[in-house]
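Read through the structure below, which is laid out as structure tokens, and then see the notes.
Values in this text are rule-based calculations from the coordinates and carry no lab data. Owing to the predicted nature of the structure, the values given are computational and were not obtained by experimental measurement. No Cβ is skipped: glycine too gets one built from the backbone with ideal geometry, and neighbour counts run over all protein chains shown.
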Amino acid sequence: MVDYSMLSTIQGMIVLIADLLAFTLILRVYRKTKRRSALFISLAWFFDFLTVINYTVLNPYAIGFFLSIVSMLMFYGVVELCKEEDRAVTLLKIFPLALIPPLLALYFIGLEILAKIGMIDIISGFIIMAGAHATAGVFFLLAGFSIKSIEEIYSRKARYLFIGLVLFGLHLFPIPIIYGLPPYVQEVYPIIGYATSAVLVVFLTALTIKLTYSDEFSKLKTLEIPKITIEPGVLIVDKRRYDILKETLKDIPVLAFVRDLKEVADVWERYFITTISKEGKDNFISPTNLERITELSYRYLRMMEEKGSRGVIVLDCVEYLLMYNDFSSVMKFLNKIKDFVMHYNGTLIIVVEKGAFADQQWALLMRLLERAQ
């Protein structure tokens, strides 16, 4: 015979451990980076810990109160993260906000119909349970759709977090119904409901920890950056001069887009430009994804300025980019990077060999350098 009580206890303990682990680890990130998004997300997991404790004693009023705080903190943490990355949360474009009121109304109408036909009981605290879970579900859905605005920066981490937040939000809606079912039906809930909740919480805590501990989130915030002696502007250099510059910049957190990850310093933020960018690695970028390179460059330069330093960007892949993009597209891309570099008083190092270009193309490349002086 299945011991549902024991299953419930084990699953609850797993969730509590995951909540406390996420709270502790993400709070450490906040203390290092001072990014408010990390603070809000860490607190969300602490209040989820309190919510789960009250699930075990079935205190509907405390559950409703703490769950509403969890959803508020998670939503606000995601919105703050988007703001930190200079991304507007354009929910109106990706989520039908106008549908929320009628959908919530239909949800409560459905609960009342189930109560009238005797399928569920309106026990003490049921209304607050239903209201809190429905509201929290909506805010988790909104947080999930909000995270899509930074998918270009955080890649799969943001994509999976979007999926996790949406699934978690959806799974909250039927929970009040389950608590209103007859006692003999509730006995099997630990197998279905607690297991689902446990899996989703562990999934979400792992994702939020991975995102906040990623290089994109915290690397430049925590590095002590030595003084940069290289002049601001655009440098077009060959391989020989590039090797000399690498020695000068070996201790600087340079942003580098390269064809060989082994040839650059470990402290550099490196991205491998390759056609196998869909193999599952975050630092692999397709040569056709010029927008991704541009986005990373802008974010890097802005964060270096916040750190009180200047950014240095290395492009050791221009010839490779030209194999997969037409020359005019690559020049527009280089001009955009150059504009960002000039705005933030940074340095752009373009590593190319003159022999790889036609005379007219080389002249245009030199003109890019002249306009940056």
**OP:** With a 10 Å radius around each residue's Cβ, average the other Cβ atoms per peptide and rank 63-70, 243-250, highest first.
**Re:** 63-70, 243-250
Original post:
Between LYS210 and ASN325, what length comes free when the chain is fully extended (0.36 nm per residue of separation minus the Cα-Cα distance, one decimal in nm)?
Top reply: 38.1 nm
**OP:** Work out the FRET efficiency for LEU20 and ALA265 from their Cβ-Cβ distance, taking R0 = 41 Å, and round it to the nearest 0.05.
**Re:** 0.65
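With a Förster radius of 30 Å, plug the Cβ-Cβ distance of LEU58 and ILE163 into 1/(1 + (r/R0)^6) and report the FRET value to the nearest 0.05.
The formula returns an efficiency of 0.50 here.
Stick to the Cα atoms of the stretch 234-307, pair each with every other, and give me the Kirkwood hydrodynamic radius in Å at one decimal.
13.4 Å
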Subject >> Unsatisfied cross-links (Cα-Cα over 30 Å) in the set LYS83/LYS239; LYS307/LYS354; LYS83/LYS250; LYS148/LYS262; LYS246/LYS307; LYS210/LYS332 >> reply: LYS83/LYS239; LYS307/LYS354; LYS83/LYS250; LYS148/LYS262; LYS210/LYS332
